[in-house]
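Undergrad: This is the structure I want to talk about, given as structure tokens.
The values are calculated or read from the model by the stated rules, or taken from the named source; none is laboratory data. Keep in mind that this is a model prediction, so the values were computed, not measured. Here the Cβ positions follow ideal geometry from the backbone for every residue, glycine too, while neighbour counts run over all protein chains shown.
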Amino acid sequence: MKSIGLRIKEARLAKNMKQDELAARIGAKSPSAVSTWEIGKAKPDCVTLLRICEVLDVSADQLLGIKTEKEMPSLTEWAMLNQYRFIDEYGKKAVNAVIIAEYDRTLASQPKKPRIRKMRIDYYDFPASAGTGNFLETESPEEIWVKETEEAEDADYVIPISGDSMEPSFHDGDKVFVEKMDSIEKGDIGIFVVNGDVFIKELGDHCLISHNKAYKPISLHSSDSIYCCGRVLGVVED
């Protein structure tokens, strides 16, 4: 039987989320807390478990391995099982043949779900709006799996977003696709390093614009150290 730690790990990986990212989003006291749960050294308390469920978009029953009422056999199914156990081998063969034929017929009538294709892409675990330097030159990316979309194919890397300065277009914790380029057009959204600070902003006239009206534009001067790290193409879908 799977442990709760293994179920947490599977749900986390399904979200393309690192251990320290999950720890931060649930407000864990230590970044290593998730690791201790996943290897079975400890278990999260009830409040923390609910936070994990919310962040990973799973139910507590799923993490605890509890079968839901829908998964349990109904009284009619239990009765049929008892009847099946009573009949002889000849009868069981006949029942099996009918069940297989009806299962195949029902399966064939179901609409086919489109297959979701995925691809790997570089991921810089270095949030825009924080940090120093040109991270593309100093940081080593890891690889994550994303849905194979037009944006994913055009992008060169993915970066997480920190803060609310670009709401409602982008939210804290979002991951965005970025196409590498040294400059972008006015009105485009890009990743910029200005005097050592990394930002996701819309390019304006000699300034960087936040979509959240609570933030003033960042003025750009000839004396500033400015890097354009690429154009933002869109948000990575879970």
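Undergrad: From the residues in segment 83-125 that are of a type in the set (A, V, I, L, M) and under 30 Å from residue 155 (Cα atoms), which one is surrounded by the fewest Cβ atoms within 10 Å (Cβ to Cβ)?
TA: Selected residue: 116.
Undergrad: Considering 205, 197, which residue is closer than 16 Å to residue 126 by Cβ and acidic (Asp, Glu)? Write out each step before concluding.
TA: Values: 205 fails: closer than 16 Å to residue 126 by Cβ.
Only one candidate passes the filter, namely 197.
Undergrad: Oh, and also: Kindly list, by first and then second residue, each pair from a residue in segment 29-56 that is over 13 Å from residue 8 (Cβ atoms) to a residue that is buried (at least 18 other Cβ atoms within 10 Å of the Cβ), limited to pairs with Cβ atoms under 8 Å and residues at least 6 apart or on different chains.
TA: Partner pairs satisfying both residue conditions: 30/23; 31/19; 31/23; 32/19; 32/23.
Undergrad: Same structure again: I'd like to verify a number: residues in segment 176-193 that are in contact with an Asp or Glu (Cβ under 6 Å, 6 or more places away or on another chain) and surrounded by fewer than 19 Cβ atoms within 10 Å (Cβ to Cβ), how many? Give the steps one after another, and end with the answer.
TA: Start the filter on segment 176-193 by keeping residues that are in contact with an Asp or Glu (Cβ under 6 Å, 6 or more places away or on another chain), which leaves 177, 179-180, 189.
Narrowing the set further to residues that are surrounded by fewer than 19 Cβ atoms within 10 Å (Cβ to Cβ) leaves 179-180.
Final tally of qualifying residues: 2.
Undergrad: From (1) in contact (Cβ under 8 Å) with a residue 40 or more places away in the chain; (2) surrounded by fewer than 18 Cβ atoms within 10 Å (Cβ to Cβ); (3) farther than 19 Å from residue 156 by Cα; (4) not charged (D, E, K, R), pick out the condition that doesn't hold for residue 235.
TA: The failed condition is (3).
Undergrad: In segment 156-175, is there at least one residue being touching an Asp or Glu at 6+ places or on another chain (Cβ under 7 Å), more than 27 Å from residue 24 (Cα to Cα) and either in contact (Cβ under 8 Å) with a residue 24 or more places away in the chain or surrounded by fewer than 21 Cβ atoms within 10 Å (Cβ to Cβ) (or both)?
TA: No, because not a single residue in segment 156-175 is touching an Asp or Glu at 6+ places or on another chain (Cβ under 7 Å), more than 27 Å from residue 24 (Cα to Cα) and either in contact (Cβ under 8 Å) with a residue 24 or more places away in the chain or surrounded by fewer than 21 Cβ atoms within 10 Å (Cβ to Cβ) (or both).
Undergrad: Within segment 215-228, is even one residue crowded, with 20+ Cβ neighbours inside 10 Å and in contact (Cβ under 8 Å) with a residue 60 or more places away in the chain?
TA: So in segment 215-228, the residues crowded, with 20+ Cβ neighbours inside 10 Å come out as none.
Scanning segment 215-228, I find no residue that is crowded, with 20+ Cβ neighbours inside 10 Å and in contact (Cβ under 8 Å) with a residue 60 or more places away in the chain, so the answer is no.
Undergrad: Something else: So, in segment 1-53, exactly how many residues are farther than 18 Å from residue 66 by Cβ, of a type in the set (A, V, I, L, M, F, W, C) and either in a loop (DSSP other than H, G, I, E, B) or in contact with a Leu (Cβ under 8 Å, 6 or more places away or on another chain) (or both)?
TA: Result for segment 1-53: 7.
Undergrad: Can you name every residue in segment 121-167 that is at pLDDT 90 or above, closer than 28 Å to residue 213 by Cβ and touching a Gly at 6+ places or on another chain (Cβ under 8 Å)?
TA: Scanning segment 121-167 gives 151, 160, 161.
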